[in-house]
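Step one of this worksheet: look at the structure below.
The values are calculated or read from the model by the stated rules, or taken from the named source; none is laboratory data. Predicted, not measured: the structure shown is a model, and the values here were computed from it. Note that we place each Cβ from the backbone using ideal geometry, even for glycine, and neighbour counts take in every protein chain shown. To get the accessible areas, we keep the full protein, side chains included, count just its heavy atoms, and leave off ligands, DNA and RNA. Shrake-Rupley method; radii C 1.70, N 1.55, O 1.52, S 1.80 Å.
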Amino acid sequence: MSSAKPPTVSVVVIAYNDAGLVGEAVTSALAQGPAVAEVIAVNDASSDGTAGVLDELAAVHPRLKVVHRTENSGGCGTPRNDGIAAASSPYVLFLDSDDVLPPGAAEALLRAAEEHRAPVTVGACVRRELPLHHDVPWVPGLYTPGEVVERPADRPELVRDTLCVNKLYERSFLEKHEIRFPDGRFVYEDFVFTARVLAAAPRIAVIGDLVYVWHVRRDAAQVSISLDRKDVGNWRARIEAHRTASRTLAAASPELGRACQVKFLEYDLRMYLRELGKDPEYQAAWWTLTRAYLDTFDEAVFEAAAPRARWIVRVLRATATPPADVERLTRFAAEPPRLLPPYATGAEGVPVWSEELPVELDALREMPIAELPVTIDAEPAGNAAVRLHLHDLYGRLAGAGPLTAQLRFLPRSGGDPVLAQPVTLSPDEGGGWTAVLPFRLADLAATGRRLGLRRLQAWHVGVVVECADGSSLSTSLRPRGSLLRRRALPSSRYGVLLTQPYRTGSGSLALRLAPGAAGALYLVRNRLDRATAGRAPR
């Protein structure tokens with residue numbers, strides 16, 4: 001950096017009842033080096049030992065300043081605003097108490113902010129699933145490292161990144177435009193803050209460096225606000241946050257406002273729909289809330305959304321109450337999407353959702369084979385094989401000519417997939433295709449060991465279908481019959497191999513393998529820990 005006194009960063013860490021984790025977060029901020037002038041930790045009136053942990057750290061680290069709130073704010077916005085008010089550096093970076101900043105994050109962001117004179121600088125973020133340490137990139141492909149966005153309205157798709165924590169902000173920019181988080185018990189405050197930032201039309205610099213690690217602890221006794229979706233109040237809060245954000249963006253730029261609503265249809269709506277559950281009371285309340293909010297959208301927004309999102313919206317708007325096949329709709333909203341049979345047609349053979357709800361599935365005839373929401377069932381075929389049944393989808397697959405099916409095992413902890421040998425598909429009497437594929441779990445466990453997977457191995461199980469016209473598709477499997485039965489298999493390599501096929505939340509087949517006695521014991525303990533976490537008070 002050229003100046004004698006380089007610009008520096010204030011890292012604002014917010015914490016509430018997180019004594020066990022806040023120390024790691026603060027330490028990661030202090031370890032950023034000279035780019036960070038101060039770390040401001042805001043304790044939101046915690047009732048556990050969080051205050052003591054922060055005070056002990058402050059006694060050792062002069063750069064750490066602790067702000068103790070006397071009353072809990074009920075959310076994340078107010079403590080972040082307190083941190084901004086206490087900051088004295090030219091730049092501000094936000095960090096939550098259960099996450100960490102990777103080494104060099106602040107310096108990399110600061111360097112780009114200076115070089116491009118950008119009030120906002122954004123870097124890469126990953127969602128790290130714990131305890132597996134599986135990293136999932138946040139909004140992959142949205143940004144191009146090295147690019148500089150002169151006006152957010154030139155890139156309306158940027159509204160899809162609603163995080164505030166993977167960005168560096170020039171404090172004078174926030175002050176000039178009076179940008180703050182919503183105060184009090186306002187869930188999804190990131191949505192509104194980010195909308196206010198984009199509405200102020202800053203130049204945005206993009207770097208490829210990893211700048212934020214977002215820890216996801218789904219089995220924690222107290223889950224984060226964004227994961228606490230067990231009652232309809234969370235969905236109501238998300239709708240209100242989105243409503244506020246879209247209005248803010250639309251007032252500044254019609255393009256940004258429209259993109260925000262399209263994002264809701266393609267992302268938020270699908271995410272909550274696939275987790276709708278089976279409680280009729282919750283389903284009915286969710287359905288009513290969603291329909292009421294969709295009624296505020298212009299038809300042009302629905303038409304601008306991707307076909308699958310349009311179909312979901314049409315089904316929602318076609319009936320005032322959840323339909324009898326609502327679970328079919330949740331499976332269709334999953335990733336990858338699956339449209340379960342039966343398949344109905346309307347006038348002139350046009351594909352429709354069902355006979356009861358003849359909602360047209362427009363664009364299905366033109367959709368690429370790789371994007372079709374096909375369904376493939378899997379059931380046992382002896383002790384070491386599975387029988388697959390590939391359903392046709394309104395004749396689209398028949399036209400492509402499915403030839404082979406190949407099992408695909410993807411480690412849940414991340415990494416490259418393991419592919420089995422392809423097997424020829426044969427037409428069946430129901431108008432689909434079938435094949436019996438080897439399901440050699442001992443070989444898979446050995447492959448996992450070679451890949452460094454120890455004790456408990458967790459795999460997503462999918463299939464790749466190759467077609468005669470050169471097209472292909474990759475999707476998950478729907479477990480059927482007794483496929484989900486746990487088995488203890490004798491193994492010459494491990495003595496015993498404990499296998500536990502299971503159904504994911506989206507209804508797809510997944511697999512846990514525990515090679516040897518140590519692996520089996522770990523699997524049992526893991527199940528006990530999950531059960532204990534599930535019973536913990538929330």
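Just need a number here: residues in the range 491-513 that are in contact (Cβ under 8 Å) with a residue 60 or more places away in the chain and of a type in the set (A, V, I, L, M).
Summing the residues that are in contact (Cβ under 8 Å) with a residue 60 or more places away in the chain and of a type in the set (A, V, I, L, M) in the range 491-513 gives 4.
Would you mind stating whether Glu107 is open to solvent by less than 30 Å² (accessible area, probe 1.4 Å), more than 22 Å from Tyr188 (Cβ to Cβ), among the charged types (D, E, K, R) and in contact (Cβ under 8 Å) with a residue 40 or more places away in the chain?
Criteria not met by Glu107.
At least 2 residues that are closer than 30 Å to Thr345 by Cβ, at pLDDT 95 or above and open to solvent by less than 20 Å² (accessible area, probe 1.4 Å) in each: list the strands (runs of 3 or more DSSP E) lying fully within the range 373-468 that qualify.
Because the criterion is at least 2 residues that are closer than 30 Å to Thr345 by Cβ, at pLDDT 95 or above and open to solvent by less than 20 Å² (accessible area, probe 1.4 Å), the strands (runs of 3 or more DSSP E) in the range 373-468 that meet it are 376-380, 385-390, 402-411, 457-467.
Which residues, taken from the range 294-308, are assigned to a helix (DSSP H, G or I), in contact with a helix residue (DSSP H, G or I) (Cβ under 8 Å, 6 or more places away or on another chain) and either buried (at least 20 other Cβ atoms within 10 Å of the Cβ) or not small (Gly, Ala, Ser) (or both)?
Within the range 294-308, Leu294, Val301, Phe302, Glu303, Arg308 meet the criteria.
If you scan the range 49-78, which residues turn out to be open to solvent by less than 30 Å² (accessible area, probe 1.4 Å) and either part of a loop (DSSP other than H, G, I, E, B) or of a type in the set (Ser, Thr, Tyr) (or both)?
Listed by number, the residues that qualify are Thr50, Ser73, Gly74, Gly75, Thr78.
Looking at the structure I just gave you, is Pro6 at pLDDT below 95 and either open to solvent by 20 Å² or more (accessible area, probe 1.4 Å) or in a loop (DSSP other than H, G, I, E, B) (or both)?
Yes; evaluated as a whole, the condition is true for this residue.
Looking at Ala108 and the list (1) in contact with a helix residue (DSSP H, G or I) (Cβ under 7 Å, 6 or more places away or on another chain); (2) not in a loop (DSSP other than H, G, I, E, B), which single condition is not satisfied?
(1)
Which condition breaks for Val122 when tested against (1) open to solvent by 40 Å² or more (accessible area, probe 1.4 Å); (2) out of contact with any Gly (no Cβ under 7 Å at 6 or more places or on another chain); (3) in a strand (DSSP E or B)?
Looking at each condition in turn, Val122 falls short on (1).
Restricting the range 312-328 to residues that are in a helix (DSSP H, G or I) and among the hydrophobic types (A, V, I, L, M, F, W, C), which is surrounded by the fewest Cβ atoms within 10 Å (Cβ to Cβ)?
Result: Ala318.
Hey, can you tell me all the residues within the range 257-279 that are surrounded by fewer than 18 Cβ atoms within 10 Å (Cβ to Cβ) and either among the basic types (Lys, Arg) or touching a Pro at 6+ places or on another chain (Cβ under 8 Å) (or both)?
Once the filter is applied, which keeps residues that are surrounded by fewer than 18 Cβ atoms within 10 Å (Cβ to Cβ) and either among the basic types (Lys, Arg) or touching a Pro at 6+ places or on another chain (Cβ under 8 Å) (or both), the range 257-279 yields only Lys278.
Mind listing whichever residues of the range 469-490 are in contact with a strand residue (DSSP E or B) (Cβ under 7 Å, 6 or more places away or on another chain), open to solvent by 20 Å² or more (accessible area, probe 1.4 Å) and in contact (Cβ under 8 Å) with a residue 12 or more places away in the chain?
Across the range 469-490, the qualifying residues are Ser472, Ser474, Arg478, Arg480, Gly481, Ser482, Leu484, Arg486, Arg487, Ala488, Leu489.
Please tell me if Arg291 is open to solvent by 50 Å² or more (accessible area, probe 1.4 Å) and either over 16 Å from Arg243 (Cα atoms) or in a helix (DSSP H, G or I) (or both).
Here the answer is yes, as Arg291 does meet what is asked.
Consider only pairs whose beta carbons are under 6 Å apart and that are at least six residues apart or on different chains; among these, list those whose first residue lies in the range 258-272 and is more than 15 Å from Val315 (Cβ to Cβ) and whose second residue is part of a helix (DSSP H, G or I) and open to solvent by 20 Å² or more (accessible area, probe 1.4 Å).
Ala259/Pro156; Val262/Ala304; Lys263/Arg160
State the number of residues belonging to the range 79-97 that are crowded, with 20+ Cβ neighbours inside 10 Å and in a loop (DSSP other than H, G, I, E, B).
Result for the range 79-97: 2.
Within the range 335-369, can you find the residues that are touching a residue at least 12 places away in the same chain (Cβ under 8 Å), in contact with a strand residue (DSSP E or B) (Cβ under 7 Å, 6 or more places away or on another chain) and open to solvent by 70 Å² or more (accessible area, probe 1.4 Å)?
Thr345, Pro358, Glu360
Scan the range 316-325 and tell me whether some residue there is touching a strand residue (DSSP E or B) at 6+ places or on another chain (Cβ under 7 Å), touching a residue at least 24 places away in the same chain (Cβ under 8 Å) and not polar (S, T, N, Q).
no
Residues of the range 385-410 being closer than 25 Å to Arg503 by Cβ, of a type in the set (A, V, I, L, M, F, W, C) and touching a helix residue (DSSP H, G or I) at 6+ places or on another chain (Cβ under 8 Å), which ones?
Within the range 385-410, Leu390, Leu397, Phe409 qualify.
Are any of the residues in the range 68-89 without any contact (Cβ under 8 Å) to a residue 60 or more places away in the chain and in contact with a helix residue (DSSP H, G or I) (Cβ under 8 Å, 6 or more places away or on another chain)?
yes
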